[in-house]
Amino acid sequence: MPDLNEILNRIKDILSADVGNRKVFDKDVAEALDINQLTYATMKSRNKIPYKEVLEFCAKKKISINWLIFNQVVQSIQSETEKFERIHYFRDIYASAGGGALNYEEESESLLLDEEMVNHLGGRSVIKNIQALNVIGDSMEPTLNDGDIVFLDRVSKNPNRNGVYIVSTPGGLFIKRLQLKTDGMVALVSDNEAYSDELVNIENIEVLGKVVGAMSNKI
């Protein structure tokens, strides 16, 4: 399992260029990750890695996730070479796994993925179709959790295939399994058995793509 202290030390190395000659303190790291200092202290004591915040930090600084988490060294931590692929990460868009949340503030950040992650998501031939956004709600647990970051293939839109899809409906943006009905309706199916299926008319939804990967913000 990745070591939190090593990750935090690498973040301090990155921040040292911003603070000049003075020492980088824990409060600087907490601020850079946009985490409350009390939460940061608790996180350190429990060795709990804040994956979502780390991913957003990598997007802002244009550095490799694998370098920061696993210390897989690149020639320069801020270099953008052919070894990496970019995708759009929409940090302000949420696909609801429970209540129909919707946010169309589509300002994306660049997220750098190394070769291992690119292959996991389908390879370089499809990576241009991949985007990342967030999950809100608990109806897809245990498959996906509230706060997870999911990778969406915008080309794979065939709901006849098994898998989890993101769909736009009159009620908002949902992340669900889809079941086509013979009467022209579509069932939005949750993995959490506490939630009932929701039926919508197929003419009232747009399949935005298939979820091909996820990154959890929980250990």
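Every read-out reported here was derived from the displayed coordinates using simple, explicitly stated rules and does not represent laboratory data. Fair warning: this is a prediction, and the values are worked out from it, not measured in the lab. We place every Cβ from the backbone using ideal geometry, glycine too, and count neighbours over all the protein chains shown.
Here the spin labels are modelled as points 7 Å beyond Cα on the Cα-Cβ line, and at residue 124 and residue 202 they lie 3.8 nm apart. Per the Cα gyration tensor, region 157-219 maps to an equivalent ellipsoid with semi-axes of 21, 13, 11 Å, ordered largest to smallest. Computed 3J(HN,Hα) for region 161-174, one whole-Hz value per residue from the Karplus formula 6.51 cos²θ - 1.76 cosθ + 1.60 where θ = phi - 60°, is 8, 5, x, 10, 10, 9, 10, 9, 10, x, x, x, 9, 10, glycine and proline marked x. Couplings for region 134-143, taken from phi via the Karplus curve 6.51 cos²θ - 1.76 cosθ + 1.60 with θ = phi - 60°, read 10, 9, 10, x, 10, 6, 9, 5, x, 5 Hz in order; Gly and Pro are left as x. With neighbours defined as other Cβ atoms within 10 Å of a residue's Cβ, the residues 88, 120 order from fewest to most as 120, 88. Measuring against 30 Å, Cα to Cα, the residue pairs 181/210; 44/176; 23/48; 12/176; 52/157; 61/176 contain 44/176; 12/176; 61/176 as the ones spanning a longer distance. Inter-label distance, residue 48 to residue 168: 3.5 nm, where each label sits 7 Å from its Cα along the C-beta direction. Residues in region 110-116 carry Karplus couplings, in order, of 7, 10, 8, 10, 7, 4, 4 Hz; the curve used is 6.51 cos²θ - 1.76 cosθ + 1.60 with θ = phi - 60°, and Gly or Pro positions show x. Residues whose amide H lies under 5 Å from that of residue 164, counting only those 5 or more places away or on a different chain, are 211; hydrogens are built 1.01 Å from N in the peptide plane. Calculate the FRET efficiency for residue 193 and residue 158 from the Cβ-Cβ distance with a Förster distance of 22 Å, rounded to the nearest 0.05. FRET efficiency, residue 193 to residue 158: 0.25. Where only DSSP H runs of four or more residues are counted, the chain gives -7500 deg cm²/dmol as its mean residue ellipticity at 222 nm, each run worth -39500 (n - 2.57). Of the residues 180, 113, 133, the one that moves most in a GNM of the chain with alpha-carbon contacts below 10 Å is 180. The average projected area of region 82-215, computed from the convex hull of its Cα atoms over all directions, is 7.9 nm². As a rough guide to protection, the peptides 181-187, 18-24 ranked by mean Cβ packing within 10 Å, highest first, stand as 181-187, 18-24.
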